[in-house]
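For reference, the structure is listed below as structure tokens.
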Amino acid sequence: MYSMADDYYEILGVKKDASDDEIKKAYRKLAMKYHPDRNPGDKEAEKKFKEVNEAHEVLSDKQKRARYDQFGKAGLGGNGGGGNPFGGGNPFGNGSYSQTFNFGGMDIDLEDILGGMFGGGFGRRRNRGADLQTSITIDFKEAVFGTTKTVSVDGSNIKLKVPAGIEDGMRIRLNGRGGAAPSTDGTPGDLYIQVRVRPHKTLTREGRIILSEQHISMIDAALGCEIDVETIDGPVTMKVPAGTQSGTPFKLSGHGVPIRADGDRGPHIVSVIVDTPTKLSKRQKELLEEFKNSSSKKRGFFG
């Protein structure tokens, strides 16, 4: 998804410290300039229009912008292009990945569309058994690393291999495991299995990136500290440098979702949230007042 433009600030013609208002104004100006209605048939203008929209989508979102500023496009989610997000091939063993899209409230299978375009699709389906549908629910961790489940359909035990990296709402198609063929020269239908993923208590997901928040005190933020971060692989110790501001993202490489079948994985990005105390003892208030006064005084040459 985030692969078209080289530098989002350059695309919009703004500085890296541009305000939200400056980004919005630059976007509106360029969107009007390159809008397809103003440039009918101009492929270059169409490309520019897409780049401008892509840049605005990231820079107008505070969290995405912070990750982009620190990590570049590697800090943004998505599968890095179209096609099979699991790295090609047939990861399902006895079935296949269904390229299914929702259009007007209907699920449409890419294979059906191509079959109708290039012949054989609809004629083949007239002599097929009925397609069946069911669903399974898996844990967040199972969706990240993959799992094997047993699905019961019309009294049969069917083993289903769920690939690593599958997302909530995706469907798996098992060829020929649906309703029986209507005649001896026909073929059975397909079985479609919709996958639901249970939410994790502390982790969320954005494409191949796992996201979480870690709260620390303002003292730890000022002085620096080490914290234990819960990842999908277990606790990982992370160093927080002195002077860290609330909302700062940190990247834990290799602790995200598998990108390809070779085991390469995306990052886990931790947003550090600095907690401001709401209840202070008298002594704590005195210490903070002392710190406030000492930091505001003008120091001499020798401090």
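Please determine whether any residue of segment 230-248 is polar (S, T, N, Q) and in contact with a Ser or Thr (Cβ under 6 Å, 6 or more places away or on another chain).
Let us first name the residues in segment 230-248 that are polar (S, T, N, Q), namely 231, 237, 244-246, 248.
Narrowing the set further to residues that are in contact with a Ser or Thr (Cβ under 6 Å, 6 or more places away or on another chain) leaves none.
Looking for residues that are polar (S, T, N, Q) and in contact with a Ser or Thr (Cβ under 6 Å, 6 or more places away or on another chain), one finds none in segment 230-248, hence no.
Rundown of residues vs (1) in contact (Cβ under 8 Å) with a residue 24 or more places away in the chain; (2) open to solvent by 40 Å² or more (accessible area, probe 1.4 Å); (3) part of a loop (DSSP other than H, G, I, E, B), yes/no style:
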position: D17; (1), (2), (3): no, yes, yes
position: D21; (1), (2), (3): no, yes, no
position: K24; (1), (2), (3): yes, yes, no
position: K33; (1), (2), (3): no, yes, no
position: R38; (1), (2), (3): no, yes, yes
position: A45; (1), (2), (3): no, no, no
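For the subset of segment 159-204 comprising residues that are of a type in the set (K, R) and in contact (Cβ under 8 Å) with a residue 60 or more places away in the chain, which member is most open to solvent (accessible area, probe 1.4 Å)? Quick ask: steps written out before the conclusion?
In the first step, residues of segment 159-204 are kept if they are of a type in the set (K, R); the result is 159, 161, 171, 173, 177, 196, 198, 201.
After this cut, where a residue has to be in contact (Cβ under 8 Å) with a residue 60 or more places away in the chain as well, the list is 159, 161, 171, 173, 177, 196, 198.
On the way: K159: 145, K161: 111, R171: 27, R173: 14, R177: 95, R196: 102, R198: 113 Å².
Checked segment 159-204; the qualifying residue most open to solvent (accessible area, probe 1.4 Å) is K159.
Of the residues that make up segment 211-231, is at least one open to solvent by 30 Å² or more (accessible area, probe 1.4 Å), without any contact (Cβ under 8 Å) to a residue 12 or more places away in the chain, assigned to a strand (DSSP E or B) and of a type outside the set (S, T, Y)?
Scanning segment 211-231, I find at least one residue that is open to solvent by 30 Å² or more (accessible area, probe 1.4 Å), without any contact (Cβ under 8 Å) to a residue 12 or more places away in the chain, assigned to a strand (DSSP E or B) and of a type outside the set (S, T, Y), so the answer is yes.
Could you check segment 134-158 and list, in sequence order, the residues that are open to solvent by 60 Å² or more (accessible area, probe 1.4 Å), at pLDDT 90 or above and outside any loop (DSSP other than H, G, I, E, B)? Before you say what the answer is, go through the steps one by one.
At the first step, the residues of segment 134-158 found to be open to solvent by 60 Å² or more (accessible area, probe 1.4 Å) are 135, 137, 139, 141, 145, 148, 150, 152, 154-155, 157.
Next cut, at pLDDT 90 or above only: 135, 137, 139, 141, 145, 148, 150.
Listed by number, the residues that qualify are S135, T137, K141, F145, T148, T150.
Residue by residue, here is whether (1) open to solvent by less than 70 Å² (accessible area, probe 1.4 Å); (2) touching a residue at least 12 places away in the same chain (Cβ under 8 Å); (3) among the aromatic types (F, W, Y) holds:
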position	(1), (2), (3)
K239	no, yes, no
P249	yes, yes, no
D264	yes, no, no
T276	no, yes, no
L280	yes, no, no
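The values are calculated or read from the model by the stated rules, or taken from the named source; none is laboratory data. Remember, it's a predicted structure, so these values are computed and weren't measured experimentally. Heads up, the Cβs are rebuilt from the backbone with ideal geometry, glycines too, and the neighbour counts pull from every protein chain shown. Surface areas here come from the heavy atoms of the whole protein model, side chains and all, with no ligands, DNA or RNA. Shrake-Rupley method; radii C 1.70, N 1.55, O 1.52, S 1.80 Å.
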